[in-house]
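Worksheet: the structure to be examined is printed underneath.
The values are calculated or read from the model by the stated rules, or taken from the named source; none is laboratory data. Worth saying up front: this structure is predicted, and the values here are computed from it rather than measured. So basically every Cβ, Gly included, is an ideal-geometry build from the backbone, and we count neighbours across all protein chains shown.
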Number of protein chains: 2
Amino acid sequence: MVKTGNILRELSARILAEEAFTTLVDRPGMRIERITSTGQATPEGEWYDQDTDEWVLLVEGAARLRIEGESEDRAVSGAGWILLPAHCRNRVTWPGRSRLRSGSPVHFTPGGKE
Amino acid sequence: MVKTGNILRELSARILAEEAFTTLVDRPGMRIERITSTGQATPEGEWYDQDTDEWVLLVEGAARLRIEGESEDRAVSGAGWILLPAHCRNRVTWPGRSRLRSGSPVHFTPGGKE
């Protein structure tokens, strides 16, 4: 079945009030999520550590990301993307501001590991 | 290995002169491509017919798409997405114009079929 949507619309008040995850497509081998952030950084000392590779496209806004073992943050701006291999520990250090007061990345998580 | 890029940059003169496909990520089960269009429509009478599902996000610009069997085009604008199941025949009827004089969709093609 054909499905359609818009990453920057269909943003409810709840989504804009907190960091929100919306699953757009979920099937064996791949999940596509919209993540809407409104200023949330990863708490100090915590890291994301995922079992699967993740490809992130920042559709709108700006953010800074720290990869464990690197000495500086990586800046990601609108239309920027980053491929994070499984178990590449990372944290959002600055989720930035934008027209929506949010970064609106889309995460693509393939089921397989490399 | 962490990889990074930007959908709307790294656009060479060649890419802007014609419809161009750039593979960003290619691995078992998933391929991520940037497609940069500068006004190309699918030739009259021709249809795309793919063996795999395809999820398309229009990062910038606007386009119209016709799904076989539907009586009207579907309009897709910036940040709009569409999920096309395998063998859902479709054609681009109007690739629109934008700041880049292009639509810049990203296609996500999972390897598996539903």
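Data overview
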read-out	value
B:Ser98, sole failed condition from (1) part of a loop (DSSP other than H, G, I, E, B); (2) more than 7 Å from chain A (Cβ to nearest Cβ); (3) modelled with pLDDT under 90; (4) over 22 Å from A:Ala79 (Cα atoms)	(4)
Breaking point among (1) surrounded by 21 or more Cβ atoms within 10 Å (Cβ to Cβ); (2) within 19 Å of B:Val25 (Cα to Cα); (3) at pLDDT below 85, for A:His107	(1)
Given (1) hydrophobic (A, V, I, L, M, F, W, C); (2) surrounded by fewer than 16 Cβ atoms within 10 Å (Cβ to Cβ); (3) not in a loop (DSSP other than H, G, I, E, B), index of the condition A:Leu57 fails	(2)
Any pair with Cβ under 6 angstrom, 6 or more apart, that starts in segment A:19-46 at a residue that is in contact (Cβ under 8 Å) with a residue 40 or more places away in the chain and ends at one that is assigned to a strand (DSSP E or B) and exposed (fewer than 12 other Cβ atoms within 10 Å of the Cβ)	A:Glu33/A:Phe21; A:Glu33/A:Thr23; A:Ile35/A:Phe21
Residue, farthest from A:Ala63 (Cα to Cα), within segment B:21-53, restricted to residues that are among the hydrophobic types (A, V, I, L, M, F, W, C) and at pLDDT 80 or above	B:Trp47
Among residues of segment A:23-41, those that are assigned to a strand (DSSP E or B), within 12 Å of chain B (Cβ to nearest Cβ) and surrounded by fewer than 17 Cβ atoms within 10 Å (Cβ to Cβ), counted	2
Every pair of residues 6+ apart whose Cβ atoms lie under 9 Å, when the first sits in segment B:63-90 and is over 18 Å from B:Gln40 (Cα atoms) and touching a residue at least 24 places away in the same chain (Cβ under 8 Å) while the second is basic (Lys, Arg) and assigned to a loop (DSSP other than H, G, I, E, B)	B:Pro85/B:Lys113; B:Ala86/B:Lys113; B:His87/B:Lys113
